[in-house]
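The structure under discussion appears below in the form of structure tokens.
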Amino acid sequence: MFWQEDVETLAQDKLQELQLKNLNETLQTAKKSQFYSKKLANIGFLKNLSDLKNLPFTEKQDLRDAFPYGLLSVDLSDVVRVHSSSGTTGNPTVVFHTEKDLREWANISARCMYTAGARKTDIFQNTMGYGLFTGGLGFHYGAEKLGMMVIPIGPGNSQRQIWFMKNFKVSAAHILPSYAVRLYHAMRDSGVNPKTDLNLKIFFIGAEPHTEELRREIQDLYGVKAFNSYGLSEISGPGVAFECLQQNGMHIWEDYVIPEIIDPDTLEVLPDGQDGELVLTTINRQAMPVIRYRTRDLTKIITGVCPCGRTHRRIERIKGRTDDMMIINGVNIFPVQIEKTIMNIPEAGKNYIIEITKQNFMDKLNVKIEINDETFGGTLEELERLKAKIQAKLKEETGVSPNVSFVDRGSLPAAEGKAKRVYDLRNEKK
Ligand code: AMP
Ligand code: ZN
């Protein structure tokens, strides 16, 4: 049932004792870095966990500004690995690990997969990118620690993915939700039925926002259970929070991180159950602890205990990032609202992009959807009716009238890594 029963079921008060002790140790370690030696100069020993809210936040920009070694808290000779987050502009953010950090990370990844039902008898295919991206190596070492046979195939090349899944009777896979949809189509095109021709039972899906509806769709297409996996490079990578068999929120491992939810505008800490931005403090990292890191991810802490017996609190599926929000003629919309609507319409395909353009000084929301040729073989008239239906549902969900168009399957841009769903073309020159 449990990977580490004693820790996973530790009573909340005991967990908080442990957190306070490890937080104080972490603050001492962090102060050895150039960045925190200044930032935490006036911070002494914390008597209560609630004192954490008086500490300053750490932002992604701080990590960029401190490039390369400003947040390093140990001697460089003790660092054994560096990872880097997919930055768009400026310096990338880099994250360092000691040998112990890597051991802890492998342990937490193993705990996640075990929690979702994976066992050493499973054959595990890791379709995530290996290298600087943390998705590949993070799960890789966790899976080995758990004792599964690991196929470190990495992303892309769907035919090869299918070949390995078939020939090695792969039972568990780590996969991006957007890629799971594309891989399914590749299987169908090759005459492979994942439900009858393969041995897949468990998917770990994460690294990008996705809806409950898309999860269900993936489960239906493959006949698997798909578990939501949350993480970010700044906090090691995958392994921060993970779903248990209940699939009702992700346990955030409170012996590794202290979660807080803040109001992104006022920066006040919010009580459990309220929506806001997730802030994380690492409490067992050596090379690069981060204190009150603003993730920009929007979620809430679920109140109540989970029937699985784990005491670590749960966070809800990530609703989006504060920087993901689209403002269309003054209306705030998150991409997941659009996904949710599309997934609820069976005739619509599961692959889509969102384009925002400007016409006569007005923003225009354009949604391009692949047609689902399994459920739709209709006439032009039916296609128009379907378009009107999707437009109406999207208007209902978002408050904005979108322009919906259908595209051929396979014609939307396909990323090897995380899917890019939103294209804001408002400032593009014509
Ligand atoms: P990176 O550090 O490049 O791996 O990106 C981390 C970011 O990916 C997080 O801050 C989230 O915005 C997003 N992310 C990771 N896992 C999930 C998940 N399960 N659901 C939604 N978003 C996720
Ligand atoms: Zn649970």
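Here is how the numbers come out for the structure above:
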item	result
Condition check for Q159: of a type outside the set (A, V, I, L, M, F, W, C), away from ligand 1 (no atom under 16 Å from the Cβ) and either surrounded by 20 or more Cβ atoms within 10 Å (Cβ to Cβ) or not in a helix (DSSP H, G or I) (or both)	no
Scan of segment 57-77 for residues that are surrounded by fewer than 17 Cβ atoms within 10 Å (Cβ to Cβ), under 25 Å from the mean Cα position of the chain (by Cα) and not in a loop (DSSP other than H, G, I, E, B), ordered by number	Q61, D65
Where G276 falls short, out of the listed (1) more than 16 Å from ligand 2 (Cβ to nearest atom); (2) farther than 26 Å from P413 by Cβ; (3) in contact with a Phe, Trp or Tyr (Cβ under 8 Å, 6 or more places away or on another chain)	(3)
Any strands (runs of 3 or more DSSP E) falling wholly within segment 334-430 and containing at least 2 residues that are within 25 Å of D297 (Cβ to Cβ) and in contact (Cβ under 8 Å) with a residue 12 or more places away in the chain	348-359, 362-371, 422-424
Checking M325 against (1) without any contact (Cβ under 8 Å) to a residue 12 or more places away in the chain; (2) on the phi > 0 side of the Ramachandran plot; (3) in contact with a strand residue (DSSP E or B) (Cβ under 7 Å, 6 or more places away or on another chain), the condition it does not meet	(2)
Members of segment 277-314 found to be outside any loop (DSSP other than H, G, I, E, B) and in contact with a Lys or Arg (Cβ under 7 Å, 6 or more places away or on another chain), listed by number	E277, V279, T281, R296, D297, L298, T299, I301, I302
Residue that is nearest to L137 (Cα to Cα) [pool: residues in segment 185-217 that are more than 16 Å from ligand 1 (Cβ to nearest atom) and touching a Pro at 6+ places or on another chain (Cβ under 7 Å)]	L200
Residues that are in a strand (DSSP E or B), of a type in the set (A, V, I, L, M, F, W, C) and touching a residue at least 60 places away in the same chain (Cβ under 8 Å), drawn from segment 78-122	V79, V95, F96
Search result, residues across segment 233-249 that are assigned to a loop (DSSP other than H, G, I, E, B) and within 9 Å of ligand 1 (Cβ to nearest atom)	G237
Failed condition for N366, given (1) assigned by TED's automatic domain parsing to the domain that holds L76; (2) away from ligand 2 (no atom under 16 Å from the Cβ); (3) polar (S, T, N, Q)	(1)
Candidate set from segment 291-344 (those that are basic (K, R) and within 16 Å of ligand 2 (Cβ to nearest atom)); member that is surrounded by the most Cβ atoms within 10 Å (Cβ to Cβ)	R314
Single residue of segment 223-253 satisfying the filter (more than 16 Å from ligand 2 (Cβ to nearest atom) and surrounded by fewer than 23 Cβ atoms within 10 Å (Cβ to Cβ)) that is farthest from the chain's Cα centre (by Cα)	G223
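The values are calculated or read from the model by the stated rules, or taken from the named source; none is laboratory data. Since the model is a prediction, treat every value here as computed from it, not as a measurement. Cβ sites come from the backbone with ideal geometry, for glycine too, and all protein chains shown count toward neighbours.
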